[in-house]
Structures are given as C-alpha cells and as structure tokens.
Amino acid sequence: MTSNSRKNPLQPPQLAGLEKCPSGISGLDQITGGGLPRGRTTLVCGGSGSGKTLLGMEFLVKGATKFGEAGVFMCFEENAEELAQNVASLGFDVNGLITSKQLVIDYVRIERSEIEETGEYDLEGLFIRLGLAIDSIGAKRVVLDTIETLFAALANAGILRAELRRLFRWLKDKGVTAIVTGERGEGTFTRHGLEEYVSDCVLLLDQRVVENIATRRLRIVKYRGSAHGTNEYPFLLDEQGFTVVPLTAIGLQYAVSTDFISTGVAKLDAMLGGHGYYRGGSLLLSGTAGSGKTSLAAHFLDAACRRGERCLFFAFEESPDQIMRNMRSIGLDLRQWLDKGLLRFHASRPSTFGLEMHLTAIHRATEQFQAQVVVFDPISSFESAGSFPEARAMLMRLVDFLKSRQITSLFTSLTSGGNPSEQSEVGISSLIDTWLLLRNLEQSGERTRLLYILKACGMAHSNQVREFILTDHGVDLLEVYVGPGGILTGSAKAEQDRLDSAANLIRRRDAERKRLVIEHKQKALEAKIAELKAEFELERREMEETIAETESSAQSLIAGRIEAGQRREGTTAAPDKIRKGGRK
Amino acid sequence: MTKTEKPIVPKGKAAAGGEFEWELRLYVAGQTSRSIAALNNLNQLCETHLKGRYRIEVVDLLVNPQLSREDQILAVPTLVRKLPEPIRKIIGDLSNTERVLVGLQLRPGK
C-alpha cells in the first residue's frame, strides 16, 4: 500500500483491481464503485457549509464502527469539543469512539497574530503530530479539515506548498486512506489549488439555492483508475448523517412483474381487467380538488395492508392525523395498520426542501422501511418546489427508482379546475402505467364524481365512465346514464331512470292498445269475410238450383219433342227413354 | 507538565534556580542543520539583547512528539516566548534577526 502500487489508469477498473476503502456513507460507495481509493488521499472540496467536515467525520465514524478501522481527525478550524457537538446532531457518538480509542480528534490551533516568520522552516511538527496520532490508535483513516487554513497562517507559500506535497506523499507512504478538505475557490476546485497535489480522487460538494430552496449535490470530479458515476448526485445531511442518492445512475433495465394487486375497490378491479394493477407498476390518480383522490389512494393502502404489505404514505399537503380522520369518515381505519407497523406516514411540505432532497428523503425512507407500496399525495405540489422540467425529471427518477425495486407506487395529482385534466400531467403521463382520471361533474344543481381509466398499459380495461361515490363504508362505483342528453349522474340519473320507466310504461301501453286494435280489425275483417262467404254460399245455392231447374226443363222439352216425333213417325225407337223421360 | 529536555545545552544560560524575566523555548525536530542554525542564532541574539535575563529550553519533538500537540507546534524550528506574556511564536531558523526582535517584541513592528 505504498505509492508504487499505483495501477495503470488505462486498464479497466475491474481488472486493475484498485483497492477501495468503503466509506460506509450511504450511496457514496455505490457511485464510487466501492469506496475511496485505499491508501490514497481524496480531496473533498466545496463551499462553506457544503458538508465537507461532516463527510470527513462520517468517513471516520463509519470506518470505526462498521469496518473496524480507527481514524484521526485533524481539524484546523473547530476545536474537538465544537466538532463533537456539531456532529452529535448527526447521531455520531464521537466521544464514545475517542474513549474506546477508535478515533482521535486533534485540533491544530493556528493564530496568525502570534506567529512571526524569521527564515527557513518546515512543517515537521505537523508531521510528527499526525504521525503520533496515527500510531497511537493504529489509524487507517485520516481526515485533514481543512488544511488550507495553513495558507492563511503562514506567509511563505513556497515552503507551504513544498510541505503539502511532502505531506500527501507521506500519507500515502503511511498507507492511510485520507480525506483532505478544501474550500471552493473562484474557478478552481480549491482556493489554494490543493487539487494540484491530490490527484487520485476529487469529490466536489455543492449547495445551490434555487427559489429559496437549497439542494446539496455531490459530484466525483476525478477518480483515477476507477469507473465512477459522473453525474451530480443529490445528498442529504440530517440526523442520520450523510446520504448520497445514486438515483441518476438507475438504468431502465428492471424486471417487471406480471402479478396483479387489488385496488381495494372490487368494481375498479373489474374495470381494470378484473385483477387490479400490476405489482411494481405506477399508478396516477389525477383530478380536481375534492374528486376523491386521497380516498381512492387510502383504499389502495388499506387493501395492501390487509395483504400484509408494508406501505409508506408520503403526504405533502395533509398531516397524518388529518388523513386518518378523513378516511375514517368513509369507513377506512388506517390507524390499525399504523399501529401494526405496516403503514408509515412521511409528511413534509414540498417547499421544505428542494426536489433532490425530497427524492433523497423518499429514497431513504423507502429503503429503510422496505416498503412494498408507496403513495404520494399529491405530486402536483412538487411543482411548487421547483420548475416544471425539474419536477418532471425528479418524478422520472422517482418512478425509475420505485420500478427498479418493484415497489408499487400510487401518485395523486391535483389538476386545476380550468385546465383540461389531460394536459397538466402531460409531463409524467408517459412514465405512468395506469392512469385513472377523476372528474367532477356539475349537473342539475349537484356535483358528482366520475372516474374513468385514461390509460392502463399492458392490461385489458374498461372504457366506460363510472360514477364514483364516497359512502360511509368506502368508495363505490356506479354505472352512469348515457343517453341522448349526454352523461347523467347522481339524482339526475335517478330522475332520468324514473322518467325512463314512465316513458317505458306509456310506450308499453301504447303498444298494447295497438295490438288490440289490430286484433279487433282482424276480427272485423274475418267477420266480414265470413259474412261475404255466407252470402256467396247463399247465392251460389240459388244459382245452382236455378241452373238445375233450367237444365231439367230443357231436357224434358227435348224429350217431349222426341216423343212427339216418334209418335208422328210411328217408330217405337227407345221406348224406355220415352217412358223414362216423357210424361206419364 | 513534566518535560524532559534534550540536553543541547544553550550557551548563554544564566545562574541556575530562580525565575527569569525571559523564558524561551525552542522546538526542533532532530539535530538538523536548520535547528542548529536556529539555536546558534538564538543564543547570539539573546546574548546581545537579553544578557542575564533569559533562559532557553530546547525541545526535540522527535524525542517528545506529544509536545507537538500539547504546545501546538506545526513548524520547526519554532521559538516560543513563554515569558513575558503573552505567548509569541516565531518560526524559522531565526536568520532574520530583525524579524526575531520584532517577534519577541524587543523592537516595535512595522
């Protein structure tokens, strides 16, 4: 672990096997591919208040507590007590580590006014001092915070630079993994050009304020001999220490699930092909104020908790108590899940901190709670914490992160009344798997809620609009009336139903009457036919009788003539005939 | 504080025992040419300006490394004026006599 162990930087990192020293700082080891270069010195630079000291301290504390590596913190600005107090707010028990000989804090006090320079000198005193501290506990890690103070104290910059160069080489020879901090300078990473001496790894911390909201970011400027993330990564500094979120590093290669989970509303499940949403999918509920977004989200949570899944509720506009009270009014008891530890609320105002910080906080809370289902209510308020493109970028990373962990997410989004609901979420609609739209409909003096599915990727879904009602036993969906007058809901629908049934009755009666008329007419017709037939029969008979009479009289006439003729001629031809047909 | 001084015996040492108006302590790291030069310069200067009123202690940090921390010594050689108060620190090989005199407040500064 000396300076000649340097690897060829052109070699791929996995082959070069540059030994890494895990920092133990959440997220930092991911973006650096395992930690800081072991046995080398890393420069951490940033403006005042950017978190350099805390990063250094956490590096040592984590080294001592997680990796069994003792550390030396040499500070030039704060004394040991101040430092211990400052980092106690991050949950570090520095004094305990000092007592157990895992940490040494050495405060180097330099008073420019007390010092007069009178010729050649070197900083051997500092080396001896640091060496003593390192040897006293067998330290593997060293932090110098911030050595640049020396530039203010010592006038002879030439000597100082030469000594710094010697110091960094000396640290390398000692085999300790070191962090030196430096104040950000104008146009340079550090005010006094420390980057000139530290060439292995440079981290830049930054705190930017946009619209009164500060966001901390970390960037790996340089990491010789190792692949690393090049983006700016947001980080958090709070009671849990330093948390870097490697969110920008998340790719699109995540596995997806084909399992379904229920929405908590059976009729809604039915609309979504009968199963509900995809596990690990993202769901957007958008609608105007009071359209029932939170209630639907609460159903979703309730169903998830019922299945024994761990749920996180990120509330950005209401307090947890308020949400639970409101949900009780529709018959949902969320408190029971809270008590069972299946549900956790995470309430914060969107404007409390920047988008990146929100993202980081969400990331950490989700990881820590190992949530399977998360709800964000509402995401539209993020626009107030940043610009629209920023909010979109943030949500995209959020969705990516959640999907990569197979966490089912539900977002609610408030759309303003005037806007067409489809437009305001155009930014994130492409990221969302299932999008339900809730609308308020004002009609005949009342307001009703409508629900329909705008999008449901990868599943069969209903194209129908349903009326959405909130009852004291939860959400229910009703069919709506679709007729020539458009969509009717609520009492208008009931009225229409009544009107319809009345109209139906009238129509039925009308038809009945007509049927009777037809019957009657048919009967009349049939009667007429019968009468005509009877008349005809009568006539026919008369006619036939007449015909018969006429025929018989004609015959007897003929017969009479023949008889008369025979008699005249005296023949006896056909006497039978004559007898038969002739007169007697 | 018990200190074991390395016996590079300063020449101009006054009679043993009793308090001196001037208590000076020179911190060095080993017997380098620079530390020897510093001690020589100091001896000469004291003989010239503070004869009989001073005592010089020499501390070798290689022998007593913990003193680097206790006495806040970074640079070597460092000359510390412990008495008269307030404490003054003068770093370097003391080759610039003018500045040493200013540092010891034997001469007003600029």
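Of all beta bridges that DSSP places with both ends in the protein assembly as shown, some 45 percent have antiparallel geometry.
For A:S409, A:S444, A:S462, the sequence from fewest to most other C-beta atoms within 10 Å is A:S444, A:S462, A:S409.
Shown for A:R513, A:R307, A:R405: other C-beta atoms within 10 Å of each C-beta, ranked fewest to most, produce the order A:R513, A:R307, A:R405. Comparing Cα centroids, region A:78-92 and region A:286-320 end up 40 angstrom apart. Oblate is the label for region B:25-85, because a/c, from the alpha-carbon gyration tensor with a ≥ b ≥ c as root eigenvalues, is 1.5 or above and a/b does not exceed b/c.
Take each residue of peptide B:71-83, count the partner chain Cβ atoms within 10 Å of its Cβ, and average: the result is 6. Take the alpha carbon gyration tensor of region A:159-202, find the square roots of its eigenvalues, order them as a ≥ b ≥ c, and report rounded if a/c is under 1.5; if not, report prolate when a/b exceeds b/c, else oblate. Taking the square roots of the gyration eigenvalues as a ≥ b ≥ c, region A:159-202 is oblate. Amide H to amide H, with H built 1.01 Å from N, A:I105 comes under 5 Å of A:F73, counting only residues 5 or more places away or on other chains. Considering amide H positions built from the backbone, and no H for Pro or chain starts, which residues 5 or more places from A:D259, or on another chain, come under 5 Å of its amide H? Those lying under 5 Å, H to H, from A:D259 are A:R279.
This ranking places A:S552, A:S295 by how few other beta-carbon atoms lie within 10 Å of each, fewest first, which gives A:S552, A:S295. 3J(HN,Hα) along region A:310-319: 8, 10, 10, 10, 8, 9, 10, 10, 10, 7 Hz, from the Karplus curve 6.51 cos²θ - 1.76 cosθ + 1.60 with θ = phi - 60°, whole Hz, x for Gly and Pro. When each full DSSP H helix of chain A is screened for a Cα extent of at least 15 Å along its own axis and an average Kyte-Doolittle hydropathy of at least 0.0, the helices passing are A:52-66, A:124-137, A:293-306, A:388-404.
Mean sequence separation of contacting Cα pairs (under 8 Å, at least six apart), scaled by the length of region A:260-479, corresponds to a relative contact order of 29 percent.
Note on region A:482-545 and region B:64-110: Cα centroid distance 126 Å, given to the nearest whole angstrom. Normalised by residue number, the volume inside the convex hull of the Cα atoms of region A:106-185 is 101 Å³ per residue. Remark: relative contact order (region B:31-103) = 37 percent; criterion is Cα-Cα distance under 8 angstrom and separation of 6 or more residues. By the Kirkwood approach, averaging reciprocal distances over each pair of separate Cα atoms, region A:54-145 gets a hydrodynamic radius of 13.9 Å.
With an a/c value under 1.5 for the gyration tensor axes a ≥ b ≥ c computed over the alpha-carbon atoms, region A:265-411 is described as rounded. A simple count of charges around A:V176, restricted to other residues whose Cβ falls under 9 Å of its Cβ and scoring Lys, Arg +1 and Asp, Glu -1, yields +4.
For A:D145, neighbours were defined as the other residues whose beta-carbon sits under 9 Å from its Cβ, and their charges (Lys and Arg +1, Asp and Glu -1) total -1. Taking the square roots of 5 times each eigenvalue of the Cα gyration tensor of chain A, largest first, gives ellipsoid semi-axes of 103, 26, 19 Å.
What number comes out for the charge environment of A:L470, summing +1 per Lys or Arg and -1 per Asp or Glu over other residues with Cβ under 13 Å away?
Around A:L470, the surrounding residues sum to +1.
In chain A, helical runs assigned H by DSSP with n ≥ 4 each contribute -39500 (n - 2.57); averaged across all residues and rounded to the nearest 500, the mean residue ellipticity at 222 nm is -13000 deg cm²/dmol.
Taking all Cα pairs closer than 8 Å and separated by 6 or more residues, the relative contact order of chain A comes to 12 percent.
Just so you know, all these numbers are worked out from the coordinates, no wet-lab data involved. What you are looking at is a predicted structure, and each value in this text was computed from that prediction instead of being measured. All Cβ positions, even for glycine, are placed from backbone atoms using ideal geometry, and neighbour counts span all protein chains on display.
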